[in-house]
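To start, the structure itself, in structure tokens.
The values are calculated or read from the model by the stated rules, or taken from the named source; none is laboratory data. The structure presented is a predicted model; accordingly, all values stated were derived computationally and were not measured. A quick note on method: Cβ atoms are made from the backbone with ideal geometry, for glycine too, and the neighbour counts reach across all protein chains shown. The protein model used for the area step is the full one, side chains on, heavy atoms only, and it has no ligands, DNA or RNA in it. Shrake-Rupley method; radii C 1.70, N 1.55, O 1.52, S 1.80 Å.
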Amino acid sequence: MAEQARGKVEVNQDECKGCGLCVESCPPKGLTLSPELNHYGVHPAQYHAEICTGCGICYFVCPEPGAITVYRLAVAKSEVSDAATV
Amino acid sequence: MSEYNVSQCRTPVFFDRFERKDENQHQTHYCPGCGHGVAHKLIAEALGELGLQDRTVMVSPVGCSVFAYYYFDTGNVQAAHGRAPAVATAVKRSNPGSIVISYQGDGDLAAIGTAEIVHAANRGENITVFFVNNSIYGMTGGQMAPTTLIGQTSTTSPWGRRPNNEGFPIKMAEMLSALEAPVYIERVALSDAKHIMQARRAVKKALQLQKEGAGFTMVEILSPCPTILKMEPTVARHWVADTLIKQFPLGVYRDRKPEFEPVLVPQKGVAELLGISGKRLSDEERHARRQHTRAKTIKVSGFGGQGILLLGQLIAEMGMREHMEVSWLPSYGPEMRSGSAHCDVTLSHDRVGTPLVSTPDVLVAMNEPSLRKFAPHVRPGGVILYNSRQLPEDLKFEGLTVACVPASEIADQIGSAKVSNVVMMGALLEATDCLPFTTAQAVLSGLVKNRKLAEMNEKALEAGRNYLDTEVLVGAVAGPDGCGE
């Protein structure tokens, strides 16, 4: 079994406006725009690969208050760098 | 498998629901990829981290971010276009424990509100200004802003901004850092993740400084406007990085405390300034005082130069000395003499709701035009004092006490037409019993130092009182207290 990702992202598909800033900003490229349309007629972002580091960059570049929630593994590895507070 | 914990999520500094919208109330009204959303988030995060939410007052501007008050679960005020720093000044000074944020766009701050921001910064107001600069007017549809770049097209500079016609982009951070008072000014950009994190630190630092009471802080935030720039959100962001930042260099423009010795002036209370006892009255004393004062709304009107405004001020000051709640609201043209002037005075035993008197209990008309203008608005049972021997023939007033007092004539006989307003004051006190004569004498002697004039005032006050007492009242029969009620 592959190593568990250090973080994960949840995108609120109804709040997302599909601007794509998080997709572009994600360092490991774990986000993409969904091929499906949400009820606003935009392609919302989705987390598609188990490669999230939990850095939180997508949360801060997202213009919506709560479209993105970032999680981190409870037992953080010592080498996990907190990119959001660099 | 280990569990995941939330590390970044919607901050409670935002309202749970944004009530302005019918549906999707958790979504802002901003366009996809708008810089305001990110700026809002950085501010909200910082307020949450610093624990300032409960004492923050956010001043929303005019512009796309006009609805900031729908988003931030803090105190909120929405200011007239460009006036946010002035409003923020008032909020901060009247409530020094609050954290006051003026959130403004470039049209708001750098165009219509240039004066307010410059002077708020120059006074070193302890507020934080977040200046979102996207180089264009967004909400109104892409007109040229003061920050529009040279050569940049807009609906009002379709051939590109030309320095020879529209001037150069205004660089507010540089401009304000030329002043002495500001404590912290930094320009940041929302162009990519790295710069957004830098902006996050700047926002937090500015708020931290305000929390410490340091002084004026401003963060200029270069921000993408994908809709007006007609670019994809990611492209607009690159445009900020490649073009906007080149014209508006990022960096800290001010990070120091101004050095000066504060000069403190001893504060005098109203009572001390008036030379009267300022002690708070007990309920009984207050009640006792009510026996010899009456709540009235009074309108004094006439030509400018007749002492109209002064008469109103004198009555208000008398009320103040009698521990009444008072207001005085002048209205006059630009002429110092001969224009029309009037003022509204409220004498009340309770707090005054509005200083505006639209249906007065008492009208003092020092000339015919103002009698014709205001008499129809006098409250039934009210009093009209008219500066003449008799009413114009065509005028009749039902249900009012009308007293014609030729104040100007009487004043002239006493020695100066100037004191006609004091004659009228004597008549007014006699007709309405609203305030004691002794108070009027005290106020007048406090005001006039010249002995000759003071004597004239004494005589004028007495003459007005006597005239009303001895001459015939015209109109409705006066009540037992002489005021027709």
(Q) From the phi angles alone, apply the Karplus equation (6.51, -1.76, 1.60; θ = phi - 60°) to the stretch A:6-12 and give each ³J(HN,Hα) in whole Hz, x where the residue is Gly or Pro. (A) 6, x, 8, 10, 10, 10, 6
Q | On Cα atoms only, tilt of B:420-432 relative to the major axis of chain B in degrees | A | 80 degrees
Q.
Can you compute the helix-only [θ] at 222 nm over chain B? Use -39500 (n - 2.57) per DSSP H run of at least 4 residues, normalise by all residues, nearest 500 deg cm²/dmol.
A. -10000 deg cm²/dmol
Q.
Using only protein heavy atoms and a 1.4 Å probe, how much accessible area in total is buried between B and A, to the nearest 100 Å²?
A. 3400 Å²
Q: Answer rounded, prolate or oblate for the stretch B:77-208, using the Cα gyration tensor with square roots of eigenvalues a ≥ b ≥ c: rounded when a/c is under 1.5, else prolate when a/b is larger than b/c, else oblate.
A: prolate
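Keeping every protein chain in place, order B:Ser301, B:Ser416 by accessible area at 1.4 Å, biggest value first, i.e. largest first. Could you put the intermediate results ahead of the total?
Details: B:Ser301 0, B:Ser416 25 Å².
Ranking B:Ser301, B:Ser416 by accessible area, largest first, yields B:Ser416, B:Ser301.
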Q) Computed from the mean reciprocal separation of all distinct C-alpha pairs, what Kirkwood hydrodynamic radius does the stretch B:339-485 have, in Å? A) 15.8 Å
Q | Phi to ³J(HN,Hα) by Karplus 6.51 cos²θ - 1.76 cosθ + 1.60 over the stretch B:46-52, Hz, x for Gly, Pro | A | 5, 4, x, 5, 7, x, 9
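Leaving ligands, DNA and RNA out of it, report the carbon-plus-sulfur percent of the accessible area of the protein assembly as shown at a 1.4 Å probe.
Values: 14080 of 26430 Å².
C and S atoms contribute 53 percent here.
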Q: Between B:Lys396 and B:Glu261, with labels modelled 7 Å along Cα→Cβ, what's the label distance in nm to one decimal, could you check?
A: 7.6 nm
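Taking the Cα centre of the stretch B:86-200 as the origin, how large is its charge dipole in debye, to the nearest 20, when only Lys and Arg (+1) and Asp and Glu (-1) carry charge on their Cβ atoms? Mind dumping the intermediate values first?
Working: 9 positive and 9 negative charges, 20 e Å.
Approximately 100 debye in magnitude.
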Q.
Counting only other residues whose beta carbon sits under 14 Å from that of B:Ser348, what net charge do I get with K and R as +1, D and E as -1?
A. +1
(Q) Given a 1.4 Å probe, show me the residues in the stretch B:2-24 buried by at least 20 Å² of accessible surface when comparing the whole protein assembly to the chain alone. (A) B:Ser2, B:Glu3, B:Tyr4, B:Asn5, B:Val6, B:Ser7, B:Gln8, B:Cys9, B:Arg10, B:Phe14, B:Glu23, B:Asn24
**Q.** Reduction of at least 20 Å² in accessible surface, 1.4 Å probe, comparing all protein chains with the chain by itself, residues of the stretch B:27-43
**A.** B:Gln27, B:Thr28, B:Pro32, B:Gly33, B:Gly37, B:Val38, B:Lys41
Q: Find the centroid of the Cα atoms in the stretch B:432-470 and in the stretch B:220-250, then give the distance between the two in whole Å.
A: 70 Å
Q) Relative to the longest principal Cα axis of chain B, at what angle does helix B:308-321 sit, 0 to 90 degrees, rounded to 10? A) 90 degrees
Q. In whole Å, how far is the Cα centre of the stretch B:359-427 from that of the stretch B:30-48?
A. 62 Å
Q) What are the radius of gyration and Dmax of the stretch B:211-314, computed over its Cα atoms and given in Å? A) 29.9, 77
Q. Comparing the chain by itself with all protein chains present, which residues of the stretch B:221-246 are at least 10 Å² less accessible (probe 1.4 Å)?
A. B:Pro233, B:Thr234, B:Arg237, B:His238
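Could you work out the mean projected area of the convex hull around the alpha carbons of the protein assembly as shown, in square nanometres to one decimal?
Working: hull surface 148.5 nm².
Here the figure is 37.1 nm², rounded to one decimal.
Using the structure shown, select from B:Lys92/B:Lys230; A:Lys17/B:Lys92; A:Lys17/B:Lys230; A:Lys29/B:Lys230; A:Lys17/B:Lys205 the pairs with a Cα to Cα distance greater than 28 angstrom. Don't jump to the answer; show the numbers that get you there.
Values: B:Lys92/B:Lys230 39 Å; A:Lys17/B:Lys92 36 Å; A:Lys17/B:Lys230 16 Å; A:Lys29/B:Lys230 26 Å; A:Lys17/B:Lys205 30 Å.
Over 28 Å apart, Cα to Cα: B:Lys92/B:Lys230; A:Lys17/B:Lys92; A:Lys17/B:Lys205.
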Q: Would you work out the charge dipole size for chain B about its Cα centre, treating the Cβ of every Lys and Arg as +1 and the Cβ of every Asp and Glu as -1, and quote it to the nearest 20 debye?
A: 1220 debye
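Counting only heavy atoms of protein chains, what accessible area per residue, in Å², does chain B have with a probe of 1.4 Å? Spell out each step's value before the answer.
On the way: 22440 Å² over 485 residues.
Result: 46 Å² of accessible area for each residue.
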Q | Dipole magnitude of the stretch B:283-475, debye to nearest 20 (Cβ charges: Lys/Arg +1, Asp/Glu -1, about Cα centre) | A | 360 debye
Q) Which value, in Å² and to the nearest 10, is the accessible area of A:Thr69 when all protein chains are kept and the probe is 1.4 Å? A) 30 Å²
